Amino acid sequence: MVENIPWISADDYDLATLYETLIERHERVSPDWGVPMMAVRLMARRAGLDSVLRGLELHGVSWAAERCRYEMTARQEFFARVVARLPVYDMREAEGAARELAHDLAVFDSSQASTRLWKFFGRLLRCSRERQLRASQGCH
């Protein structure tokens with residue numbers, strides 16, 4: 001429970017802070033780049049970068065892209081959960097935030113964002129494999 005906001009758990013507060021930070025960070029770039037990269041950062045934060053790389057190695061780019069989409073829908077579910085707990089809330093502000101979340105999901109599902117995400121994970125997978133190859137050959 002957060003000290004001044006009894007209906008918000010510490011975990012929810014941390015998530016809200018993370019979402020706000022990522023939104024501020026990625027609003028400076030085009031949405032078709034910023035939204036997928038926000039999803040990648042959320043996934044890496046939740047699972048850890050090593051787990052993401054292992055999953056990418058084992059299951060491929062489509063697995064990683066699906067996990068990113070999960071992060072975007074989890075973000076919407078978080079928002080709904082928090083708004084439902086608030087005792088009094090400006091519904092216009094809530095509706096604006098809901099529209100923004102829906103827009104982000106639509107951007108994430110667009111062909112431009114999907115292509116960028118697939119290319120990003122493809123490069124990440126190649127870099128990971130090259131690093132593993134160099135390590136196995138004794139190179140640094």
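The values are calculated or read from the model by the stated rules, or taken from the named source; none is laboratory data. The structure displayed is predicted, hence computed values, not measured ones. Using ideal geometry, Cβ is built from the backbone for each residue, glycine included, and neighbour counts are taken over all protein chains shown. The area values use the complete protein model at the heavy-atom level, side chains included, leaving out ligands, DNA and RNA. Shrake-Rupley method; radii C 1.70, N 1.55, O 1.52, S 1.80 Å.
Does any residue of the range 114-128 turn out to be modelled with pLDDT under 90 and of a type outside the set (Phe, Trp, Tyr)? Checked the range 114-128: at least one residue is modelled with pLDDT under 90 and of a type outside the set (Phe, Trp, Tyr).
Residues in the range 1-50 that are at pLDDT 85 or above and farther than 24 Å from residue 105 by Cα: 1 in all. Counting the residues of the range 116-140 that are surrounded by 10 or more Cβ atoms within 10 Å (Cβ to Cβ) and of a type in the set (S, T, N, Q) gives 2. Considered as a group, the residues in the range 44-56 that are surrounded by 14 or more Cβ atoms within 10 Å (Cβ to Cβ) and within 22 Å of residue 115 (Cα to Cα) include one that is nearest to the chain's Cα centre (by Cα), and that residue is 44. Residue-level analysis places residue 69 outside the set of residues that are basic (Lys, Arg), open to solvent by 80 Å² or more (accessible area, probe 1.4 Å) and without any contact (Cβ under 8 Å) to a residue 24 or more places away in the chain.
Of all the criteria given as (1) touching a Ser or Thr at 6+ places or on another chain (Cβ under 8 Å); (2) over 19 Å from residue 102 (Cα atoms); (3) open to solvent by 20 Å² or more (accessible area, probe 1.4 Å); (4) not β-branched (Val, Ile, Thr), the one not satisfied by residue 59 is (1).
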